[in-house]
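Quick notes on the structure that follows.
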Amino acid sequence: MSKHLLFRFAQAAAVALVAYFIVAYLAHSWGKVSAYSWHLRPLPLAGSLGLFLVFYWLNAWAWWLLLPEVSAAMVYEQVLGFCGALITAAGLFPFWRGEPAAATWSLVSLPVLLALLHPRLFRPAAARLLRLFKRAALERVLAYRYVLELLALYVGMWLVAGVACYLAAAAVTDAGHGLLPLMIAAYALAYVAGMIAFFVPSGVGVREAVLAGALVGSLPGGVALAWALLLRIWQTLIELLFVAWATVMAAPGQPVASVGAKASPAPTASGEGSQAEGAPGQVERHVGER
């Protein structure tokens with residue numbers, strides 16, 4: 001049996017195992033889930049819809065900014081999304097956990113993450129990881145200042161998505177305003193957990209477990225898990241809506257990700273690339289900065 005088939009079998013087994021535990025836990029907690037006072041508040045739900053649409057648009061825009069560097073776009077998308085989520089969670093940790101030592105470590109981690117994105121550290125680290133997965137090394141890396149600008153965009157994306165996640169919870173549960181920092185951090189960490197569990201397609205079950213675990217102190221466990229599953233369905237519907245909108249809005253032959261955006265070659269650490277020509281709202285590019 002080939003490695004590819006073994007991996008697919010392991011994926012299927014992991015999904016089946018996750019599904020079993022979710023169903024078993026919900027069945028065990030169904031009394032609390034059915035007895036919970038679920039409600040529907042249209043205003044928070046509409047806010048969640050709007051912010052998730054903004055999140056997906058920002059995601060498409062970030063991809064379009066990376067697209068000129070096709071060989072590096074996939075790598076930087078994953079790395080910036082991962083680091084942006086970690087920075088978002090670490091920055092918010094002190095606001096929702098009364099643990100000074102842990103809060104200190106979370107803040108100390110911020111400059112470490114920023115340093116790892118510098119071309120002198122990122123290039124060899126990326127080369128080792130790509131070699132591990134039998135992928136070609138990056139031909140060039142992006143200028144550090146441009147990477148930081150993109151990272152700020154990704155952090156903003158996680159903040160927007162986290163607020164949308166909180167509004168989705170407030171729309172159907174009794175989640176109070178005090179849960180906002182927790183929900184933003186938990187949503188970002190759920191993404192990180194889903195990336196680490198790469199063998200589970202789309203992080204199914206893994207992200208829900210992180211979100212439910214974050215809410216256990218405020219909601220019954222079964223209710224928190226049921227809400228996390230509802231969030232998955234809600235976000236999938238919004239994503240399909242965004243793709244449909246972007247497909248309709250895109251000009252014939254124009255990539256969907258380019259709706260509302262304009263890209264030019266990104267600056268690299270070796271000085272390659274060109275300066276952006278004043279595209280509205282586009283991140284300023286600094287060529288040749290090390």
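Filtering the range 204-246 to residues that are modelled with pLDDT of 85 or more and surrounded by fewer than 15 Cβ atoms within 10 Å (Cβ to Cβ) leaves Ile233, Thr236, Leu237, Leu240, Leu241, Val243, Ala244.
Of everything in the range 137-176 that is among the hydrophobic types (A, V, I, L, M, F, W, C) and part of a loop (DSSP other than H, G, I, E, B), the residue that is modelled with the highest pLDDT is Ala143. Can you pull out every residue in the range 216-232 that is of a type in the set (A, V, I, L, M) and touching a residue at least 24 places away in the same chain (Cβ under 8 Å)? Listed by number, the residues that qualify are Leu219, Val223, Leu225, Ala226, Leu229, Leu230, Leu231. Does Gly260 satisfy the criteria of being surrounded by 14 or more Cβ atoms within 10 Å (Cβ to Cβ), more than 30 Å from Phe122 (Cβ to Cβ) and modelled with pLDDT under 85? Criteria not met by Gly260. Considering the range 31-67, the residues that are of a type outside the set (Phe, Trp, Tyr) and in contact with a Phe, Trp or Tyr (Cβ under 7 Å, 6 or more places away or on another chain) include one that is nearest to Ala246 (Cα to Cα), namely Leu53.
The values are calculated or read from the model by the stated rules, or taken from the named source; none is laboratory data. Source: prediction; values computed, not measured. Reconstructed Cβ throughout: ideal geometry from the backbone, glycine too, with neighbour counts over all protein chains shown.
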